[in-house]
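The structure appears below as structure tokens.
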Amino acid sequence: MDYRLELLNSTDFENLVNTICQKLLGMGMVTFAPGKDGGRDGKFTGTAQNYPSRINPWSGKFIIQAKHTDNPIASCSDSEFESIVVKEIVKLKELKSNGDIDNYLLFTNRKYSGIKGEALCKKIISETGISNAIIIGKGLINDHYLNPNKDIIKQYGLDRFHIPFDFSDEEIKEIILAFKGQLSQIEGALKSEVERIKYNYDRIRIEEKNVKNKLTDEYYQNEILSTSLLDFKKIEEFLGNPINEELKDFYFDIAKELSETITLKRDNFNAFEEVFHFIYKFICDGNSQLKGSKRHVSTFLHYMYFECLIGKK
């Protein structure tokens, strides 16, 4: 489960970390208000209830820090993160000299890299002289501290950032890239129909569908009618081309997966355009292959909606 922690702001991430630490260490966990904290977002003194385990817990003076990034593909192996750790070591040395730290827990929503992460922990310990140091990345946060604690997920509204997308985003990327590659040929074949933006569907009126799905008229007018609808005929031609038969199968598989997922998690969103935006971000964030093609992701999603493949009919 990826709860998209990059969508939190840094303050909410700090609060989330402190809540997790109350469960790991104990209710004696003390949090600090935003501002200059001398290298700490929280502290705890005593024997941990459940860290690193109930059988062999750490004890002494704990300092907890949270380092947040809005980059969904950031890693602990990035040079930027190493620079952050180096700066924190200076503060930790002062805390150690004052007798204020034995154990250091650094939480980050970056992907944890085992080799680099271990090297940074050893660097912290060797240069500060503290007993224990650990870097806890987003994988551990999601799998060990959020999934088993649905109360924390609910408290911070993390489920609204998460659709359990075991869905074929790689396949939709392949479809988008193939569509872009064939677009010039499709546009040439459709020059006589460029102005054709009205469709006769054997389905409910689109206005009724929008009401049922809580899609705002502003979004419908500005994003679908004024932008995407002009390309719907191109998608029709693309999917209808015999050379794209396999991609067409991918398209309908993905539409089915999305439809089921949206049905299950629809209550996590308000207006339906939030669903569109979430799926768009899920597919596009950090994907360099889609540079210059991202707009087509929205167009395909809108086309699925228009064709009643996703959303209430």
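The values are calculated or read from the model by the stated rules, or taken from the named source; none is laboratory data. Predicted, not measured: the structure shown is a model, and the values here were computed from it. Glycine also receives a Cβ, built like all others from the backbone with ideal geometry; neighbour counts cover every protein chain displayed.
Values as computed for the structure displayed
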| read-out | value |
| --- | --- |
| Subset of the stretch 95-126 (residues that are among the β-branched types (Val, Ile, Thr) and modelled with pLDDT under 95) | 115 |
| Test: residue 172 is among the hydrophobic types (A, V, I, L, M, F, W, C) and not in a loop (DSSP other than H, G, I, E, B) | yes |
| Candidate set from the stretch 120-151 (those that are under 17 Å from the mean Cα position of the chain (by Cα) and aliphatic (A, V, I, L, M)); member that is surrounded by the fewest Cβ atoms within 10 Å (Cβ to Cβ) | 140 |
| In the stretch 233-266, residue nearest to residue 175 (Cα to Cα) [restricted to those that are of a type in the set (Phe, Trp, Tyr) and surrounded by fewer than 19 Cβ atoms within 10 Å (Cβ to Cβ)] | 250 |
| Total residues in the stretch 124-151, condition over 30 Å from residue 83 (Cβ atoms) and either of a type in the set (Val, Ile, Thr) or without any contact (Cβ under 8 Å) to a residue 24 or more places away in the chain (or both) | 3 |
| Residues satisfying the stated conditions in the stretch 40-55, i.e. crowded, with 17+ Cβ neighbours inside 10 Å and outside any loop (DSSP other than H, G, I, E, B) | 42, 43, 44 |
| Test set (1) crowded, with 17+ Cβ neighbours inside 10 Å; (2) touching a Pro at 6+ places or on another chain (Cβ under 8 Å); (3) at pLDDT below 95 - residue 58 fails condition number | (3) |
| Candidate set: the stretch 265-286, residues that are of a type in the set (A, V, I, L, M) and free of Cβ contacts under 8 Å to residues at least 60 places away in the same chain; chosen: the one nearest to residue 159 (Cα to Cα) | 275 |
| Where residue 272 falls short, out of the listed (1) of a type outside the set (D, E, K, R); (2) in contact with a Ser or Thr (Cβ under 7 Å, 6 or more places away or on another chain); (3) over 24 Å from residue 178 (Cβ atoms); (4) crowded, with 20+ Cβ neighbours inside 10 Å | (2) |
| The stretch 233-263, residues that are over 12 Å from residue 309 (Cα atoms), of a type in the set (A, V, I, L, M, F, W, C) and touching a residue at least 24 places away in the same chain (Cβ under 8 Å) | 235, 238, 247, 250 |
| Residue ID - modelled with the lowest pLDDT, chosen from residues in the stretch 179-205 that are of a type in the set (A, V, I, L, M, F, W, C), in a helix (DSSP H, G or I) and surrounded by fewer than 17 Cβ atoms within 10 Å (Cβ to Cβ) | 189 |
| Residues satisfying the stated conditions in the stretch 57-112, i.e. of a type in the set (Val, Ile, Thr), under 23 Å from the mean Cα position of the chain (by Cα) and in a strand (DSSP E or B) | 108 |
